[in-house]
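Every read-out reported here was derived from the displayed coordinates using simple, explicitly stated rules and does not represent laboratory data. Computed from a prediction, not measured in an experiment: that's the story for all the values here. Note: ideal-geometry Cβ built from the backbone for every residue, glycine included; neighbour counts use all protein chains shown.
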Amino acid sequence: MPSPAKPEPTHGCARCGAPVGPGVGLCEQCNPIGLRDVAASQVHGTVIIAVLVGFGLLAVIARLAVAGGGPYPATVDAVTPAGVGLAVTVSVTNEGDGEGQTTCRLEDLAQGRVGQDAFVLSPRIAGGATTTFTTQVDEFGPVPVALTVTCRMP
């Protein structure tokens, strides 16, 4: 006695949900003249293009958000012990026209480029203004050391 035939696997029609076979997107009722479905490569290509355009727009928006700020010359005004680290007072000038914020890199002058550095974020600085802020860093230990600072444009 022959075994009964297994039913073909199905999935729902993209429009109405009626069962359709593998490799078919639309049922007979939704696609009466039998037009070909969109190829998977077309769908994936469209999604990739949309993602790339989105990243491009995000980059333009980010650039416009930080435009006008900097360069940011800075100096270390004071280094004092503070708990397990150091309290470092930094003065930063925004030489640009617009308000901006910068990330400053603190380096131990004695260790140069081979030592551990600390990175701190400055407060927002108006165009043409100078601000002084104090931040605590633990990377250099509690004993005051000679530090240099470099603040870069974003």
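Assorted remarks:
- Any hit, the range 22-32, residues being surrounded by 10 or more Cβ atoms within 10 Å (Cβ to Cβ) and among the aliphatic types (A, V, I, L, M): yes
- Given (1) surrounded by 10 or more Cβ atoms within 10 Å (Cβ to Cβ); (2) of a type in the set (A, V, I, L, M); (3) over 30 Å from Gln116 (Cα atoms), index of the condition Ala62 fails: (3)
- Matching option when the condition is out of contact with any Lys or Arg (no Cβ under 8 Å at 6 or more places or on another chain) and over 18 Å from Thr148 (Cβ atoms), among Ala82, Ala110, Ala87: Ala82
- Scanning the range 106-154 for residues that are of a type in the set (D, E, K, R) and surrounded by 15 or more Cβ atoms within 10 Å (Cβ to Cβ) turns up Glu107, Asp108, Asp117.
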